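Below is one structure; the comments refer to it alone.
The values are calculated or read from the model by the stated rules, or taken from the named source; none is laboratory data. Keep in mind the model is a prediction, meaning the values are calculated, not measured. Backbone-built Cβ (ideal geometry, glycine too); neighbour counts: all protein chains shown. Protein only, heavy atoms only, side chains kept; ligands, DNA and RNA dropped before computing areas. Shrake-Rupley method; radii C 1.70, N 1.55, O 1.52, S 1.80 Å.
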Amino acid sequence: MRQFGIDLYDQWTAMWNGDATLAERIMAPEFRLRYAQAETEAFDDIRHRDRLTDVIAGWHRKRANLRFTAEGIPVVDLDPSDGPAPSGRVARPYRATFTDGSGRTVARSGTDILAFTDGLITEVWSVSSGAAGRTFYRP
């Protein structure tokens, strides 16, 4: 069952890399995003899959070669479940890289914590790398 949480996180990462079809498979019909840093308030208002995939596509239009990768060892906490899929939480560090306007590769790291119910993501907490990471969210 631990592998379910790891696979879910990997699909979350693939969705952020542009595979919008994953939203239907991994996101609950309604969910909460909580980005714990300044200038990310717009994420807190996203509640539906189509809006999330629109925002992800916009990020890829603004940042050349944007790529997310999972890093480190995931922490998976599953709740007992009689349902068709598990419920619980998975947390894992990530790295995001992109090419800035001068052609330089920029890297940011952070941690995403996904809460899921019956196998679908219902809430996400995302924290990026301090003051330098916050610039990632600015246009």
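Please identify, among Ser87, Ser102, Ser128, the residue showing maximal mean-square fluctuation in a Gaussian network model of the chain using a 10 angstrom Cα cutoff.
Sorting by GNM fluctuation, first place goes to Ser102.
Express in Å², to the nearest 10, the accessible area of Arg47 obtained by rolling a 1.4 Å probe over the protein heavy atoms while all chains stay in place.
60 Å²
Taking the Cα centre of the stretch 1-134 as the origin, how large is its charge dipole in debye, to the nearest 20, when only Lys and Arg (+1) and Asp and Glu (-1) carry charge on their Cβ atoms?
For this selection, approximately 620 debye.
If you take volume of the Cα convex hull per residue in Å³ from the coordinates, which of [x] 115; [y] 131; [z] 97 do you get?
Label of the calculated value: [z].
Per-residue accessible area for Val127 at 1.4 Å probe radius, Å² rounded to 10?
Using a 1.4 Å probe on the heavy atoms, I get roughly 70 Å².
Just the number please: accessible area per residue for the chain, 1.4 Å probe, all protein chains included, in Å².
Value returned for the chain: 52 Å² of accessible area per residue.
Each residue of the stretch 65-77 in order: what ³J(HN,Hα) in whole Hz does its phi give by Karplus 6.51 cos²θ - 1.76 cosθ + 1.60, θ = phi - 60°, with x for Gly and Pro?
Whole-Hz 3J(HN,Hα) from phi for the stretch 65-77: 6, 5, 8, 9, 9, 6, 9, x, 8, x, 10, 10, 10.
What is the percent carbon and sulfur in the accessible area of the chain, measuring with a 1.4 Å probe over the protein chains and ignoring ligands?
52 percent
By how many degrees, 0 to 90 and rounded to 10, does the Cα axis of helix 49-62 deviate from the longest principal axis of the chain?
30 degrees
What ranking of Arg104, Arg63, Arg49, Arg34 comes out by heavy-atom accessible area, probe 1.4 Å, highest first?
Solvent-accessible surface, decreasing: Arg104, Arg34, Arg49, Arg63.
In sequence order, what are the phi-derived ³J(HN,Hα) couplings for the stretch 26-34 according to the Karplus relation 6.51 cos²θ - 1.76 cosθ + 1.60 with θ = phi - 60°, rounded to whole Hz, with x for glycine and proline?
The phi angles translate into 10, 9, 5, x, 9, 8, 10, 10, 9 Hz.
What order do Asp77, Asp82 take when sorted by accessible area (1.4 Å probe), most exposed first?
Asp82, Asp77
As a test question: what accessible area, to the nearest 10 Å², does Glu30 have when a 1.4 Å probe is rolled over all protein chains in place?
That residue has around 120 Å² of solvent-accessible surface.
Percent relative contact order of the chain, based on C-alpha pairs within less than 8 angstrom and at least six residues apart?
Reported as a whole number, the value is 25 percent.
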